[in-house]
Amino acid sequence: MAFFYQTRFHFQATTIAIMALAAILPKYLSQKTSVIALAILAIAAPFAHTKLKQAAKENIGHNNAQFSFDGIKKCRSTRDFAALASQPKGLLATNIDLGALALLTTPHDVLGTAYHRDFGKEYLYQILISNPTAAETQIRAHGVDYFAYCASDVDTDAIAKFAPNGLMAQLLAGRIPQFLQPIPNQNDSHIVAFKVTQVSLRPKQ
């Protein structure tokens, strides 16, 4: 998973690097040499991006057509979050890419988001890759009221491939543990949501 996250923005980073080098290289190299170096980099970048993307897919075992690198687009709108938003305020555990979106579109707090200084994401991944029994223990320890994931996001598939006995893999296989109660889907959203059973919701603030 770390490999996937480190490479998914390679193409954008390379484009920025080419622009920066275009300004810097002429100060240290002749104009002709600088042009040749930039031309080689510009030609090689797309091929490197393709190879890295292929390696990322192989690394996470991403071969299922129902998942995609832009699958998160199916889980972005207020409409997509309608089912979760209709629930009383609580603490939500979900894919890290959905964390900030959930804060914007629902009344819930979130356990973690996709920011590198957010330690909550470490708790999230431990829940997602742990077997259902261990995941339940962690969910209850953190006071989680709701659990959700984006069914079409490649991150969902990556987690399941990484931990085939983990909670995410079990859910994708249709094996829902007793401590999770499905929340009826609305608007054909790709967000699959659950209420954690036998856990008292925290009072609204």
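FYI, it's all coordinate maths here, none of it is from the lab. Predicted model, so just to flag it, every value in this text is computed and none were measured. Glycine gets a Cβ as well: all are built from the backbone with ideal geometry, and neighbour counts include every protein chain shown.
Ranked by the mean number of other Cβ atoms within 10 Å per residue, highest first, peptides 119-127, 162-170, 176-184 order as 162-170, 119-127, 176-184. Here the extension length gained between Q126 and R175 equals 15.8 nm, from 0.36 nm per residue of separation less the Cα-Cα distance.
For the stretch 130-144, backbone phi angles converted through the Karplus equation (6.51, -1.76, 1.60; θ = phi - 60°) give residue-by-residue couplings of 7, 5, x, 5, 5, 4, 4, 4, 5, 4, 6, 5, 8, x, 6 Hz, Gly and Pro being listed as x. When the Cα gyration tensor is reduced to axis lengths a ≥ b ≥ c, the ratio a/c stays below 1.5 for the stretch 71-196, which is therefore classed as rounded.
Extension gain for the segment I36 to R140, taken as residue separation times 0.36 nm less the Cα-Cα distance, is 31.5 nm to one decimal.
Each residue in F194, F147 was given a count of other beta-carbon atoms within 10 angstrom of its own, and listing them fewest first yields F194, F147. Between the amide H of I183 and those of A193, F194, K195, distances stay under 5 Å, these residues lying 5 or more places away or on another chain, with hydrogens modeled in the peptide plane.
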